[in-house]
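The values are calculated or read from the model by the stated rules, or taken from the named source; none is laboratory data. All figures in this text were calculated on a predicted structure; none of them were measured in a lab. For neighbour counting, all protein chains shown are included, and Cβ atoms are generated from backbone atoms with ideal geometry for every residue, glycine included. When the accessible area is computed, the model is the full protein with side chains, heavy atoms only, and any ligands, DNA or RNA have been set aside. Shrake-Rupley method; radii C 1.70, N 1.55, O 1.52, S 1.80 Å.
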Amino acid sequence: MSNVTRPDFATRATNLSIEGRAFINGDFVGALSERTFHTINPATGKVLAEVAECDVADVNRAVEAARRAFEDGRWRNLSPKDRKWALLRLADLVESNIEELALLESLDTGKPVDDALAVDLPDCIETLRWHAEAIDKLYDQVSPTAGDVVSLIVREPIGVVAAVIPWNFPLVILALKVAPALAAGNSIIVKPAEQTPLTAIRFAALAAEAGIPAGVFNVLPGYGETAGQALGRHMDVDCLTFTGSTEVGRYFLKYAAESNIKRITLELGGKSPVIVMEDVTDLQPVVEQIAKGILFSQGENCSAGSRLLVHEGVKDRLLAAVVEHFKTWRVGNPLVAGTKLGAVIEERHMERILGYIEAGVSEGGRIVLGGKRILQETGGFFIEPTVFDSVDNKMKIAREEIFGPVLSTITFRDTDDAVRIANDSDYGLAASLYTNDLHTAHKVSRAIRAGTVSVNCFSEGDQSVPFGGFKQSGFGGREKSFAAHDQYSQLKTIWIQLR
Ligand code: TAP
């Protein structure tokens with residue numbers, strides 16, 4: 001983005017008016033308990049906004065509204081074409097408010113506003129448009145039967161959907177769930193993460209403006225253990241879609257088992273390997289992709305390439321180039337142009353990351369770059385890009401999700417060794433492979449147990465491909481592509497005996 005057209009985000013931030021109430025049945029409302037909580041700007045450590053603290057009573061109120069809206073058909077009985085137009089209007093409204101939303105996302109998450117503007121918001125808009133455009137092109141089926149029978153296999157919305165989402169990509173993940181769920185005709189209740197509720201609340205106003213009827217789209221800010229759990233256990237929620245940690249994902253399976261066996265889909269954590277083969281000749285583009293893989297979004301990315309698996313023959317050269325390149329990723333004020341790493345989400349999370357760094361050292365890892373908190377004087381939670389050498393895949397930093405800008409380097413001897421180490425993980429969300437050899441590219445990408453394998457790049461693909469995890473990285477479905485529609489619809493058989 002050129003500096004000539006770039007808005008002065010710091011000034012705008014001081015003039016921002018922020019809505020912190022819940023959005024239920026078409027209205028902004030406080031929690032019934034009248035309780036509120038604060039969100040903090042991670043780049044300053046200061047209070048950003050006061051937000052409604054919704055709990056069980058508010059969940060009941062929102063589910064009732066969502067159920068009523070579903071049953072009377074105000075949304076699901078519209079033609080797919082009309083739902084498409086409402087969602088396209090919503091996408092247009094998000095686009096026309098892109099700078100305000102990007103700023104709000106940056107203030108709430110600590111990520112660079114330029115990232116929010118260049119990645120999060122365009123991704124959100126694209127997701128809304130993709131699923132809106134898809135919905136009037138999805139045909140049902142007629143099954144092969146004898147001539148005296150007509151048998152239809154039709155897809156119907158599942159009903160009331162609840163979405164419990166994390167803080168790392170609030171609007172991106174909201175859109176991944178809301179777009180296919182609304183396109184299919186469901187009602188939805190979104191519970192944003194306690195740290196980052198602000199853009200979901202702003203999005204609700206835009207949804208109403210776009211003509212999404214009251215009760216069809218609701219936002220309930222609040223805590224996971226109260227509001228999140230109440231949604232998970234509610235007898236009248238038909239589907240709960242969750243993105244977050246594997247630990248909390250397990251609770252939702254339990255909540256469903258102990259309540260109405262609602263459909264559960266889980267998008268969970270990762271510990272993604274980045275494999276660099278010895279045959280790679282030009283290391284610089286690889287280094288740039290490695291940086292993007294672990295430093296983008298402060299490493300707070302489920303598919304972050306956090307384990308660098310490199311052939312022993314190329315390790316020294318690669319690592320030296322990685323260290324030099326990582327130094328060019330400037331850490332600092334998320335509102336300033338040129339900042340590439342902002343603040344991590346909160347103090348507790350920063351301490352957690354620093355704890356992992358300490359554990360890495362005590363288990364024998366060698367820090368070759370970074371390792372410390374910086375910019376304390378800002379009051380914000382900033383961590384240097386950090387690179388470990390001499391990591392063994394058994395160490396804690398190689399096994400657990402750090403969710404910070406920390407790269408662990410592990411060497412391998414040959415292709416089988418690389419695949420063995422890559423697959424030696426509880427997770428299986430994503431992987432990247434760098435090679436000049438087509439045979440190796442095919443062989444290794446098929447051998448890796450992960451939902452997405454990118455070759456010669458760090459990428460999750462676009463809206464046209466499914467996204468989700470193998471092993472403890474996911475459960476019950478995929479996001480993006482037509483696969484996302486399967487999460488929010490169910491098949492009905494209609495068998496007609498002709499007279
Ligand atoms: P979590 O702590 O799991 O929180 C996610 C959501 O669950 C939040 O809304 C949280 O509410 C809620 N929650 C927490 N405890 C709950 C409980 N006992 N019952 C019901 N709901 C509860 O994750 P996070 O720290 O926000 O996000 C980081 C994690 O998300 C990482 O593991 C990351 O890998 C994962 N993630 C995965 C993906 C995909 S696509 N696989 C994408 C992004 C992130 P509160 O905020 O109020 O606690």
Partner lysines whose C-alpha sits under 30 Å from that of Lys327, ignoring same-chain residues fewer than 8 away, are Lys46, Lys111, Lys271, Lys292, Lys315, Lys340, Lys372, Lys394, Lys396
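Kindly report the accessible area of segment 69-120 per residue (heavy atoms of protein chains, probe 1.4 Å, no ligands, DNA or RNA), in Å².
36
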Solvent-accessible area, 1.4 Å probe, carbon plus sulfur percent, for segment 230-269: 57
Rounded to the nearest 5, what is the percent of antiparallel bridges among the DSSP beta bridges in the chain? 45
In whole angstrom, how long is each semi-axis of the equivalent ellipsoid of segment 49-101, when you take the square root of 5 times every eigenvalue of its Cα gyration tensor and sort them from largest down? 25, 23, 4
Please report the net charge: other residues with Cβ closer than 15 Å to the Cβ of Asn260, K and R +1, D and E -1. +2
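I'm a student and want to see the number: the projected area of the Cα convex hull of the chain, averaged over all directions, in nm². Walk me through the numbers before you get to the answer.
Numbers: hull surface 100.9 nm².
In nm², the orientation-averaged hull projection of the chain is 25.2.
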So what are the ³J(HN,Hα) numbers for segment 122-132, from phi and the Karplus equation (6.51, -1.76, 1.60; θ = phi - 60°), rounded to whole Hz, Gly and Pro as x? x, 5, 4, 5, 4, 5, 4, 5, 4, 6, 4
In square angstrom, what is the accessible area per residue of segment 148-216 with a 1.4 angstrom probe? 17
Could you work out what % of the accessible surface of segment 341-499 is carbon and sulfur, using a 1.4 angstrom probe and leaving DNA, RNA and ligands out of the count? 50
Which value at 222 nm does the chain reach when only helices count, each DSSP H run of 4 or more adding -39,500 (n - 2.57), with the total divided by all residues and rounded to the nearest 500 deg cm²/dmol? -11000 deg cm²/dmol
Share of carbon and sulfur in the accessible heavy-atom surface of segment 1-102 [1.4 Å probe, %]: 48
Cβ under 13 Å from Asn301's Cβ, Asn301 left aside: what net charge do those residues give with Lys, Arg +1 and Asp, Glu -1? -4
Amide H contacts of Val216 (H built 1.01 Å from N, under 5 Å, at least 5 apart or other chain): none
What list of ³J(HN,Hα) values in whole Hz, one per residue of segment 218-224 in order, does the Karplus curve 6.51 cos²θ - 1.76 cosθ + 1.60 (θ = phi - 60°) give from phi, with Gly and Pro shown as x? 10, 10, 10, x, x, 8, x
Sorted by mean Cβ packing within 10 Å, highest first, what order do the peptides 291-302, 488-499, 388-399 take? 291-302, 388-399, 488-499
Straight-line reach from Lys84: which lysines have a Cα under 27 Å away, not including same-chain ones fewer than 8 places off? Lys137, Lys177, Lys191, Lys262, Lys480, Lys492
I want the local charge near Pro180. Using Cβ-Cβ distances under 11 Å, sum +1 for each Lys or Arg and -1 for each Asp or Glu among the other residues. +1
Accessible area in square angstrom per residue, segment 320-448, 1.4 angstrom probe: 44
Just to be sure I understand: of the beta bridges DSSP finds with both ends in segment 140-241, what percent are antiparallel, rounded to 5? 15
Quarter of the Cα convex hull surface for segment 224-332, i.e. its orientation-mean projected area (nm²): 9.4
